[in-house]
């Protein structure tokens, strides 16, 4: 794999993952899928990484799958139906599952088009900030395919099943303002200030109480699929787990002492 196809940097406890195929609008090749997984695994294992920022090089976030690579597969022997996707789906699945398991906030910094798999990669992140030049679309149907990368899981939970069905069945493209109105992104900022705002947000989160944020993240997603009693049990466990952390003690002391907290992520 080209070592530069996914760029990795760490700055002020922020792990930055940049999809780096700008000439192809960062289309997701097999090698890029593996590169994303490897980068996230590295961040997950590094205690110095307390937030992750995912973005794209050039003018796009990610234009979806690599259609040229898909075209090459059309000429390959088909083989048994159930065996055909196994060569490429596991990396997608592992990426999404790892993003949900990671105990740090993951922000999608959507600098331009985020289409099909690119849109769903952004949806798999915990938070999304978009340039006012970004566009979105569940374009899978326009290639005769259903969504991948968790789109049918994430999108209905953000916009409801009826609106998700409309967006998925049509594959229509919509702008950042509409994405904000629908609750698909958290923030839209002018393009000239985009990177400053995105990195600033990531640094702010990285300076927070990492353990508490990680426990809250786990409960947000776990509690989507359980009843109230189980959700309250999950919260009780999380509070007890955080109660003995350095950051919890610092949060209490700083409040009593009327000063800003200085969290260490422990």
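Only one of the numbered conditions (1) surrounded by 13 or more Cβ atoms within 10 Å (Cβ to Cβ); (2) within 27 Å of the chain's Cα centre (by Cα) is violated by residue 254, and that is (2).
Could we say that residue 180 is closer than 29 Å to residue 218 by Cβ, at pLDDT 95 or above and out of contact with any helix residue (DSSP H, G or I) (no Cβ under 9 Å at 6 or more places or on another chain) here? Yes. Filtering the stretch 1-15 to residues that are surrounded by fewer than 23 Cβ atoms within 10 Å (Cβ to Cβ) and within 15 Å of residue 203 (Cα to Cα) leaves 9, 10, 11, 12, 13.
Yes/no matrix, rows are residues, columns are (1) modelled with pLDDT of 95 or more; (2) within 28 Å of residue 13 (Cα to Cα):
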| residue | (1), (2) |
| --- | --- |
| 145 | no, no |
| 162 | yes, no |
| 171 | yes, no |
| 220 | yes, yes |
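Return the residues of the stretch 227-247 that are within 25 Å of residue 107 (Cα to Cα) and assigned to a loop (DSSP other than H, G, I, E, B); say none if nothing qualifies. If the condition is that a residue be within 25 Å of residue 107 (Cα to Cα) and assigned to a loop (DSSP other than H, G, I, E, B), then 245 is the only one that fits. Taking the criterion of being assigned to a loop (DSSP other than H, G, I, E, B) and either free of Cβ contacts under 8 Å to residues at least 40 places away in the same chain or at negative phi (or both), the residues of the stretch 248-266 that qualify are 257, 258, 259, 260, 261, 262, 263, 264, 266.
From the list 134, 122, 108, 116, the one residue that fits, being in contact (Cβ under 8 Å) with a residue 40 or more places away in the chain, at positive phi and surrounded by 23 or more Cβ atoms within 10 Å (Cβ to Cβ), is 116. Of the residues making up the stretch 182-214, just one is more than 23 Å from residue 115 (Cα to Cα), free of Cβ contacts under 8 Å to residues at least 60 places away in the same chain and crowded, with 20+ Cβ neighbours inside 10 Å, namely 209.
Answer yes or no as to whether residue 236 is crowded, with 18+ Cβ neighbours inside 10 Å and either without any contact (Cβ under 8 Å) to a residue 60 or more places away in the chain or farther than 29 Å from residue 134 by Cα (or both). Spelling it out, it is not the case that residue 236 is crowded, with 18+ Cβ neighbours inside 10 Å and either without any contact (Cβ under 8 Å) to a residue 60 or more places away in the chain or farther than 29 Å from residue 134 by Cα (or both).
Residues are listed down the side, and each one gets a yes or a no for (1) assigned by TED's automatic domain parsing to the domain that holds residue 26; (2) surrounded by 17 or more Cβ atoms within 10 Å (Cβ to Cβ); (3) touching a residue at least 24 places away in the same chain (Cβ under 8 Å); (4) not in a helix (DSSP H, G or I):
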| site | (1), (2), (3), (4) |
| --- | --- |
| 149 | yes, yes, yes, yes |
| 157 | yes, no, yes, no |
| 162 | yes, no, no, no |
| 167 | yes, yes, yes, no |
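Of all residues in the stretch 21-47, those satisfying the criterion of being assigned to a loop (DSSP other than H, G, I, E, B) and surrounded by fewer than 17 Cβ atoms within 10 Å (Cβ to Cβ) are 46, 47.
The values are calculated or read from the model by the stated rules, or taken from the named source; none is laboratory data. This structure is a prediction, so every number in the text was calculated from the model and none was measured. Positions of Cβ are generated from backbone atoms using ideal geometry, with glycine treated the same way; all protein chains shown enter the neighbour counts.
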